[in-house]
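Take a look at the structure set out below.
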Amino acid sequence: MSASLKKICFYSFKGGAGRTVCTANIAGTLSQRMGATQEQPTLLMDLDLDSAGLTILLEQQKRFEDSPWSTYKLLQGDIALDVDPIRERFFKEQMVDVSRELGAAPGTVRFIGGEIKGAAGLAVPEGRALELLLDFKDRIAERGNHGLIMDSASGWQPTAMLSHFVADVVVYCCRLTHQFIDGTKLQLEKFIELCEAHGRVPNIVLLPVAVPPRHPDWDQRRDISLGALQSLCNRFKGKNRKIQLARTPVDEVLSFKWYESVLAVKAELTAEDEIKAKEAFDSLAEQIIENF
């Protein structure tokens, strides 16, 4: 049954790429496109154990503070999913309905958050944590759920490797700067090598984020940077994987500088940059689904 479960990870080579904001802004649309229902919701996970930004953005930090049901506890093996009553309680009561916060239909997106205090020292992917995440994925599939969306950690944090090994599609969020493009290239090289050794390489979408608006002084630099990302796609594509540039970059959104919001929950979008960003997230959701 696991073949029908679509597993998506959002990743960035370092913090500051807007990965968590992108995850939040696309999760509702992705859930809809994956056919989520109240009975079979999409499951959303905050896997940034060092700084659980998605948990804060969704205003769930109090619920998961020292919670026995957090992602950290799951990957430590502290949630006994092989015990029927505990497993049923976890899926029916402890995974929080965040559909309203994401602009999705009621009950269609459920969330397991992280502990805000951080959780250093998680086991490396080759150990128990990977086994537990794979077991969790299988149990989701057994329940008939169609989608798992993971907000990964950045860089080389253990859950970044875990989510690469589990995901079918990894979205690399990347600013159009020399630092981000070169860092993303180095991470791609290593992660593809690790995934190949692990026996499974996900499809990859490179998503340019916070792209400066077109301007006579910047257009050439913008085109050069987008071209550099396209070159990475050409370099790393392979027989058993697709790597492609997102069709629509997420341009800079002024409101995100001051308040990281979910555009889909607004009654009406009036700012031009917000409208374009919403269109970009919708386009990205369609492109992700095409990768399955």
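The values are calculated or read from the model by the stated rules, or taken from the named source; none is laboratory data. Being a predicted model, the structure only gives us computed values, none of them experimental. Quick reminder, even Gly has a Cβ in these numbers, built from the backbone with ideal geometry, and neighbours come from all protein chains shown.
The residues in region 86-104 that are in contact with a strand residue (DSSP E or B) (Cβ under 6 Å, 6 or more places away or on another chain) and in a loop (DSSP other than H, G, I, E, B) can be counted, and the count is 2.
Within region 258-265, is even one residue in contact (Cβ under 8 Å) with a residue 60 or more places away in the chain and surrounded by fewer than 16 Cβ atoms within 10 Å (Cβ to Cβ)? For region 258-265, residues in contact (Cβ under 8 Å) with a residue 60 or more places away in the chain and surrounded by fewer than 16 Cβ atoms within 10 Å (Cβ to Cβ): present. Annotation: V170 fulfils all but one of (1) touching a Leu at 6+ places or on another chain (Cβ under 7 Å); (2) at pLDDT 95 or above; the unmet one is (1). Filter region 210-224 down to the residues that are touching a Pro at 6+ places or on another chain (Cβ under 7 Å) and among the hydrophobic types (A, V, I, L, M, F, W, C), then identify the one that is surrounded by the fewest Cβ atoms within 10 Å (Cβ to Cβ). Restricting to residues being touching a Pro at 6+ places or on another chain (Cβ under 7 Å) and among the hydrophobic types (A, V, I, L, M, F, W, C), the top hit is W218.
Here R247 meets each of (1) part of a helix (DSSP H, G or I); (2) charged (D, E, K, R); (3) surrounded by fewer than 14 Cβ atoms within 10 Å (Cβ to Cβ) with one exception, condition (1). Which of the numbered conditions does K278 fail, given that it passes all the others? Conditions: (1) more than 20 Å from the chain's Cα centre (by Cα); (2) under 30 Å from G35 (Cβ atoms); (3) in a helix (DSSP H, G or I). So the condition that K278 fails would be (1). When the residues of region 26-85 are filtered to those that are in a loop (DSSP other than H, G, I, E, B) and of a type in the set (S, T, Y), the one that is surrounded by the fewest Cβ atoms within 10 Å (Cβ to Cβ) is T37. Considering only region 2-25, state which residues are farther than 17 Å from D282 by Cα, assigned to a helix (DSSP H, G or I) and of a type in the set (A, V, I, L, M). Within region 2-25, just A3 meets the criteria.
Results for (1) on the phi > 0 side of the Ramachandran plot; (2) buried (at least 21 other Cβ atoms within 10 Å of the Cβ); (3) part of a helix (DSSP H, G or I), shown as yes or no for each residue.
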{"residue": "W156", "(1), (2), (3)": "no, no, no"}
{"residue": "A160", "(1), (2), (3)": "no, yes, yes"}
{"residue": "S163", "(1), (2), (3)": "no, yes, yes"}
{"residue": "Y172", "(1), (2), (3)": "no, yes, no"}
{"residue": "T184", "(1), (2), (3)": "no, yes, yes"}
{"residue": "K190", "(1), (2), (3)": "no, no, yes"}
{"residue": "C195", "(1), (2), (3)": "no, no, yes"}
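Each row is one residue, and each column tells you yes or no for (1) of a type outside the set (S, T, Y); (2) over 19 Å from the mean Cα position of the chain (by Cα).
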site: Q220; (1), (2): yes, yes
site: R241; (1), (2): yes, no
site: Y259; (1), (2): no, yes
site: E272; (1), (2): yes, yes
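Per the listing K276, K266, the residue uniquely touching an Asp or Glu at 6+ places or on another chain (Cβ under 6 Å), basic (K, R), at pLDDT 90 or above and within 23 Å of G103 (Cβ to Cβ) is K276.
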